[in-house]
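First comes the structure, then the notes that go with it.
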Amino acid sequence: MKIVEDFPPILTALDRPNSYIGRSVPRPNLARLTQGRGQYVSDTVLPRMVHVAYARSPYAHARIGKIETALAKKSPGVVAVVTGAELSKVITPWVGVLTHLKGIKSAPQHALPLDRACWQGEAVCAVVAKTRAQAEDAVGLVDIHYEELPAVTDMETALDAQTPVIHPELGDNLTFARSHEAGDVNKGFADADEIVETTFVFGRHTGVTNEPRAIIADWNPGEQRLTVYHGTQAPHMSQNLFAKHLGLAEQQVRVITKDVGGSFGIKVHIYADEMAVVALSKMLNRPVKFVADRIESFVTDIHARDHRVKARIGVKKDGTITAWEIDDLTGIGPYSVYPRTSGIEANQVVNLSAASYTCRNYRAKCRVVFLNKNVMCQYRAVGHPIAVAVTEGLVDLAAAKIGMDPVEIRRRNLIPDDAHPSSAPSGIKFERLSHHATLDQLTKMMKYDSLRAEQERLRKQGIYRGIGFTSFVEITNPSAAFYGVGGARISSQDGATVKLDAQGNISVHTSVTEQGQGAESVMAQVAASAFGVPIERVRVIMGDTDNTPYGGGTWASRGTGIGGEATWQAGKALRGNVLAIAASILQAKPEALDIRNGIVVDKATGNERIGLDEVARIAYFRPDTLPPGFQAEMIATRHYVPREFGFAFTNGAQASYLEVDTDTGFVKLLKHWCVEDCGTIINPQLVDEQVRGGVVQGIGGALFEQCLYDERGQMLNGNMADYLVPMAAELPDIEVAHQVSPTAESELGAKGAGEAGTAGAPGAVMNAINDALRPLGAKPLTDMPFTPDKILRALGRV
Amino acid sequence: MKPAAFAYAKARSLDHAVELLGQHDDDAKLLAGGQSLMASLNMRLSNPSILIDINGIAGLNVIAARNDQVEIGALVRHAQAERSPDIARHAPLIALAMPHIAHPAIRNRGTIGGSLAYADPAAELPACLVALDGEADIAGPQGKRSVKAADFFKGMFETALGPQEILAGIRVPAATGQTRVGFSELARRHGDYAIVGLAASARATGKRLSDVRLVYFGVGTAPTRARNAETAIAADAIDDAVAALAQDIDPPGDLQASGEVKLHLAGVLLRRIAKQLAEPRP
Amino acid sequence: MSGQIHDITLTVNGQEISETVAARVTIADFLRDNLGLTGTRLGCEHGVCGTCTVRIDGVITRGCLVLAVQCAGTRVETIEGVSDTGEIADLQDAFRRRNALQCGFCTPGMLLTAQELLTRAKDSGNVPSREAIREHLSGNYCRCTGYHAIVDAVEAVAQARAGEK
């Protein structure tokens, strides 16, 4: 076993004795999780708790007629059978739009629809019973009269005049569109020696979190308060929206999030069937639990991707890229998802395409259209895998056209490492990137030259291996520019409270949440380092709106960069507070003291002066012995949000090495490499594992995963036997390494790393497949996932 | 996702199981390993009124080599077969197929009889049984009977088993020095049902092959013999054999691949299997 | 004995348990709902994800594909049981030190599955290759790690138990 070496050397600015910054400290929550003693919402049981199951629409689009519930109500164990009309008296509808996405539109969505089901799987009627099995029994007895309506299922024709409009009041099926032009695109293409044009297709896929969505809502009529146990990434966002749509004050809602069995963006949205749960609890005055089963997950957890991008690139014979043009079309569900909208992914494709390169001649447009399929929204690495695969696919095709090595063309066109601050042709701003350093490190790590030699040698034996690269940027640490400016009450700042207890240990209360990324460890490491105690003396409290500062939560690779900085500042502030107490006890100057390893010491000599337990004892139990007029403060809170840059962009480079069986069209992944630069690394092991997990989710989209629909809008493979997630046997080992370009915006200098793997992997796999098949004259593959069927067709074998 | 209510009865013997089946007509389902049945119950794709659990029936979990045959009881678990020296030695085709079937936890519980009686056209074992020209031993109200493998598999999830009959076990001819077998399948992920697979057996006399049996799975409603290809392989004409597949099989497309691709892949497998058949067994 | 409700007696983590269950209740639901042993988790309930893996009479089995009533008279072991006996303490420690889990939801099933491979490997005197480990774990779904760290941890324990490292 390779335990990651501590890396990088501790940075000067953070160089405190006993620092945990840059060390691979095991996560404190793992002992519990490896014993099966985590506590997920699906495990949680409350007194008088009842379970809900839903009658779901079998049609992609249907008018809802009479709902006959009498038989279901008589079924054993049933507590209530509730329709949309009944529920709408308790909870108000919502519309998923943001003002900064100009022109975005959507229709009101209800917890349960009133008169129309708009996708197959949409919950139409709720059945609440003592057990989930009894609720399911009764669901089978609810008789809903449907009148099937024509379904809009093809994004290419969704805007045609003859296509029905899903929400007639909106005028058309267009959710959102954006155009962007920079530089002189026409001149760029005119100057090109070669122009390559192709269409990239990205299959619709979904997150398949191992624990499905889960929620328990518990309305206490005595307290007039709702407690929600919610498997979410953003408890404060949930709190706000539950309160808003139930007509409560935020104070009346507490959201508790303990362990969450995977999220990846799936659990950061408002789902109608979860809103129904909070409303049902309020209606029934008792706890109501909903755990989506796997079949429900496939037709209701947000889907993502499903983009078709027509793209072209101009290049000179010397490898200079002269122009880019992309045209993105994506089909979402019948509603833009609340509150983040379903326009973001396409918007990101416009922002991020061509973003790593110096060529400024860039024309992009995107259109987002409504379809009668499951809703779509932000899933890990939103937009990145599309923008990166399109850009890097174009670069590789251009390189092939002019006969240039794919690494060489990148070296000639990537933004130089010394050219920052800089910006992308879309206008997004980069503080500091290291494209060339990461690419150089990558080619060294993978022994690029000898790999090429091996590839050449094996080709002569009829073995076709390919090497594919991507360079990419990654959005992390989003400021208010992401959602706040658009009017959504989604916090971009995070808060941390660090508290000294009466034995001299500390607790960190953070608004960041944990779904496995390691936030609990990161916060403990940062607080221990900032305050000056061994990590065993730190306890982290998260996921409870009653007991943590207000903040955004964990999504968009923001936990460490934003929440970590808040914890760092709060830890330092508490150190100041505690040193003031110690100074008054010791009759010393606070600035001459420090806290090291849990002991107050002389800063200059390191000589031990007084233990934290003793400081705490005096502060809490013998404050009478402190000087008159001195008030000891044993708690400190700090908030943090980046202000100067809208996002802390990171960058990286990936490579895939694979073998294509040209007889069967099967792809065997041999190895994958990623070098990324997320600034200061708090815990190298956690960063590496974020990258590895992300790479595999990217590989899933490239090779295996796709939500298949028929023309009537029926999902055809909504189970785990037919929807292919990546499993251990098909995956390669993944080597990860780093460059370190800290952001100057924060003292920690940390950026995020959660999207990097997913951003770059699909493009790298695509480029590797095309590299493998190039000598065979195969038509380049640009339609993910790359199934044996598609590869055999590209080879002309069928 | 919870199953609808059903009753449960544990059969003490084959006769008792037959009797219980008789009491409940079509509404009863036999529960062996349950690795397919339970999933369909959980998804409420099947709603029997009663499950008759045959796991406790003594004597059905035996693997025995006798009278030039290998007998495999219906309740032999996949894992048991996978590690059986008798099967490795006397029924090497089944040993070859075993690691491709699902995953360890499934193989620990799933039974040979259950797999065969379920008759999934994409499953490995039915094709093996046909390729080995084995026989199914069946218990029913009229006593015991045997059915040749070729007559046992009737169609998609359909067998020769009557409503009150139970598959008690199978018998396959024990391999001899002349026996050649081959097995190959193409599955997207390890343990998945294959896009297409091929189980084969033959008799070798020197370099000549006879009694060639090529049985495809995942290409239709039941295990499918490629008879024209068999003739061509016996004549050592591999290209002709591959070409003959177009007459032998007509695979319908599914979520994994089009029929055209399946036919192509069947040809690829045939070339691989032909090499296996040409090699003496170690 | 035939009906929708049954009295069963079985051993769970070394303790004899007698309960009344509906025939349709799976052993996974029985462990979770009747006994509060929630370490056995439900990921797909159709036998694909491996999250509900438990040991019945010493061998790993999908808990969602076996009925509780079928477990009458058997010996059932869960992640809580093997944690408390210390049987897999080294494996748990390797997972912790190698960060071979993120959300932790698949981990109980992953550990029990790995333990079966490790036990068999030890009995046969082999140290499984990375490929063999990947193949053995191929029926257990993990969305977080990409599997690499899990393979590292299992490989390390296999080597340690064989006295190699």
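The values are calculated or read from the model by the stated rules, or taken from the named source; none is laboratory data. Only a predicted model underlies this, so the values are computations on that prediction, with no experimental measurement involved. Glycine gets a Cβ as well: all are built from the backbone with ideal geometry, and neighbour counts include every protein chain shown. Protein only, heavy atoms only, side chains kept; ligands, DNA and RNA dropped before computing areas. Shrake-Rupley method; radii C 1.70, N 1.55, O 1.52, S 1.80 Å.
Kindly indicate whether residue C:99 is more than 13 Å from chain B (Cβ to nearest Cβ), crowded, with 24+ Cβ neighbours inside 10 Å and farther than 21 Å from residue C:48 by Cα. Yes, satisfied.
When residue C:84 is tested against the conditions (1) within 14 Å of chain B (Cβ to nearest Cβ); (2) open to solvent by 20 Å² or more (accessible area, probe 1.4 Å); (3) part of a helix (DSSP H, G or I), the lone failure is (1). For the stretch C:15-35, the set of residues classified as without any contact (Cβ under 8 Å) to a residue 24 or more places away in the chain, among the small types (Gly, Ala, Ser) and in contact with a helix residue (DSSP H, G or I) (Cβ under 9 Å, 6 or more places away or on another chain) consists of C:22 only. In the set (1) assigned to a helix (DSSP H, G or I); (2) within 17 Å of residue B:106 (Cα to Cα); (3) touching a Ser or Thr at 6+ places or on another chain (Cβ under 7 Å), the condition left unmet by residue C:96 is number (2). Check off (1) of a type in the set (S, T, N, Q); (2) out of contact with any Ser or Thr (no Cβ under 9 Å at 6 or more places or on another chain); (3) more than 24 Å from residue A:212 (Cα to Cα) for residue A:330 and give me the number that stays unchecked. It fails just one condition, (2).
Being at negative phi and either among the polar types (S, T, N, Q) or free of Cβ contacts under 8 Å to residues at least 40 places away in the same chain (or both) is the filter here; which residues of the stretch C:98-116 pass it?
Restricting attention to the stretch C:98-116, the residues satisfying the condition of being at negative phi are C:98, C:100-103, C:105-116.
Within the stretch C:98-116, C:102, C:107, C:111, C:113, C:115 meet the criteria.
Of the candidates C:36, C:43, C:3, the single residue that is over 24 Å from residue B:52 (Cα atoms) and at the interface with another protein chain (Cβ under 7 Å from one of its Cβ atoms) is C:43. Taking the stretch A:407-513 as the region of interest, the strands (runs of 3 or more DSSP E) fully inside it that hold 3 or more residues being open to solvent by less than 20 Å² (accessible area, probe 1.4 Å) and either among the polar types (S, T, N, Q) or closer than 27 Å to residue A:318 by Cα (or both) are A:464-474. Restricting attention to the stretch A:767-791, the residues being in contact with a helix residue (DSSP H, G or I) (Cβ under 6 Å, 6 or more places away or on another chain), surrounded by 23 or more Cβ atoms within 10 Å (Cβ to Cβ) and in a helix (DSSP H, G or I) number 1. Within the stretch A:650-674, the set of residues being open to solvent by less than 10 Å² (accessible area, probe 1.4 Å) and in a loop (DSSP other than H, G, I, E, B) comprises A:664, A:665. Taking the stretch C:112-141 as the region of interest, how many residues are part of a loop (DSSP other than H, G, I, E, B), hydrophobic (A, V, I, L, M, F, W, C) and within 21 Å of residue C:64 (Cα to Cα)? Going through the stretch C:112-141 one residue at a time, the tally reaches 1.
Tell me, yes or no, whether the stretch B:4-16 has at least one residue that is in contact with a helix residue (DSSP H, G or I) (Cβ under 7 Å, 6 or more places away or on another chain), more than 7 Å from chain C (Cβ to nearest Cβ), part of a strand (DSSP E or B) and at pLDDT 95 or above. Scanning the stretch B:4-16, I find no residue that is in contact with a helix residue (DSSP H, G or I) (Cβ under 7 Å, 6 or more places away or on another chain), more than 7 Å from chain C (Cβ to nearest Cβ), part of a strand (DSSP E or B) and at pLDDT 95 or above, so the answer is no.
Among the conditions (1) on the phi > 0 side of the Ramachandran plot; (2) surrounded by fewer than 19 Cβ atoms within 10 Å (Cβ to Cβ), residue A:516 misses just one, which is (2). Could you check, for the stretch A:29-44, whether at least one of its residues is modelled with pLDDT under 95, within 13 Å of chain C (Cβ to nearest Cβ) and buried (at least 19 other Cβ atoms within 10 Å of the Cβ)? Yes - at least one qualifying residue is present in the stretch A:29-44.
Here residue A:112 meets each of (1) among the hydrophobic types (A, V, I, L, M, F, W, C); (2) surrounded by fewer than 24 Cβ atoms within 10 Å (Cβ to Cβ); (3) more than 14 Å from chain B (Cβ to nearest Cβ) with one exception, condition (2). The listed residues are A:188, A:171, and the only one of them that is open to solvent by 20 Å² or more (accessible area, probe 1.4 Å) and either assigned by TED's automatic domain parsing to the domain that holds residue A:403 or not hydrophobic (A, V, I, L, M, F, W, C) (or both) turns out to be A:171. For the stretch B:44-61, indicate whether the set of residues that are over 22 Å from residue B:27 (Cα atoms), more than 11 Å from chain C (Cβ to nearest Cβ), assigned to a strand (DSSP E or B) and open to solvent by 10 Å² or more (accessible area, probe 1.4 Å) is non-empty. Looking for residues that are over 22 Å from residue B:27 (Cα atoms), more than 11 Å from chain C (Cβ to nearest Cβ), assigned to a strand (DSSP E or B) and open to solvent by 10 Å² or more (accessible area, probe 1.4 Å), one finds none in the stretch B:44-61, hence no.
Of all residues in the stretch C:122-165, which are of a type in the set (Ser, Thr, Tyr), more than 14 Å from chain B (Cβ to nearest Cβ) and surrounded by fewer than 24 Cβ atoms within 10 Å (Cβ to Cβ)?
As a first pass, look at the stretch C:122-165 and keep what is of a type in the set (Ser, Thr, Tyr): C:124, C:129, C:138, C:141, C:145, C:147.
When the remaining residues are screened for being more than 14 Å from chain B (Cβ to nearest Cβ), the result is C:129, C:145.
Answer for the stretch C:122-165, where residues must be of a type in the set (Ser, Thr, Tyr), more than 14 Å from chain B (Cβ to nearest Cβ) and surrounded by fewer than 24 Cβ atoms within 10 Å (Cβ to Cβ): just C:129.
Applying the set (1) on the phi > 0 side of the Ramachandran plot; (2) more than 7 Å from every other protein chain (Cβ to nearest Cβ) to residue C:19 leaves exactly one unmet item: (1). Applying the condition of being touching a Leu at 6+ places or on another chain (Cβ under 9 Å) and in contact (Cβ under 8 Å) with a residue 40 or more places away in the chain to the stretch C:1-14 and asking which residue is least open to solvent (accessible area, probe 1.4 Å) yields C:12.
Note on the stretch B:256-276: residues that are open to solvent by less than 20 Å² (accessible area, probe 1.4 Å) and more than 8 Å from chain A (Cβ to nearest Cβ) amount to 7.
Give the residues of the stretch A:457-491 that are at pLDDT below 95 and of a type in the set (Gly, Ala, Ser), sorted by residue number. A:479, A:480, A:481, A:484, A:486, A:487, A:488, A:491 - these are the residues of the stretch A:457-491 that are at pLDDT below 95 and of a type in the set (Gly, Ala, Ser). Out of everything in the stretch C:48-67 that is within 13 Å of chain A (Cβ to nearest Cβ) and small (Gly, Ala, Ser), what residue ends up being nearest to residue C:20 (Cα to Cα)? Restricting to residues being within 13 Å of chain A (Cβ to nearest Cβ) and small (Gly, Ala, Ser), the top hit is C:63.
Among the residues of the stretch B:117-141, write down those that are in contact with a Leu (Cβ under 7 Å, 6 or more places away or on another chain) and more than 20 Å from residue B:13 (Cα to Cα).
So in the stretch B:117-141, the residues in contact with a Leu (Cβ under 7 Å, 6 or more places away or on another chain) come out as B:117, B:125-126, B:128-129, B:131-132, B:136, B:138-139.
Of everything in the stretch B:117-141, those that are in contact with a Leu (Cβ under 7 Å, 6 or more places away or on another chain) and more than 20 Å from residue B:13 (Cα to Cα) turn out to be B:125, B:126, B:128, B:129, B:131, B:132.
I'm trying to understand the selection: among the residues of the stretch B:219-250, which are under 12 Å from residue B:122 (Cβ atoms) and open to solvent by 10 Å² or more (accessible area, probe 1.4 Å)? Listed by number, the residues that qualify are B:220, B:221, B:222, B:223, B:224.
Among the residues of the stretch A:291-311, the ones that are more than 14 Å from residue A:207 (Cα to Cα) and away from chain B (no Cβ under 13 Å) come to 5 in all.
Taking the listed residues A:259, A:327, the one that is open to solvent by 10 Å² or more (accessible area, probe 1.4 Å), away from chain C (no Cβ under 14 Å) and under 28 Å from the mean Cα position of the chain (by Cα) is A:327, with no other qualifying. Exactly one residue among A:92, A:157, A:131 is β-branched (Val, Ile, Thr), surrounded by fewer than 22 Cβ atoms within 10 Å (Cβ to Cβ) and under 25 Å from residue A:708 (Cβ atoms), and that residue is A:157.
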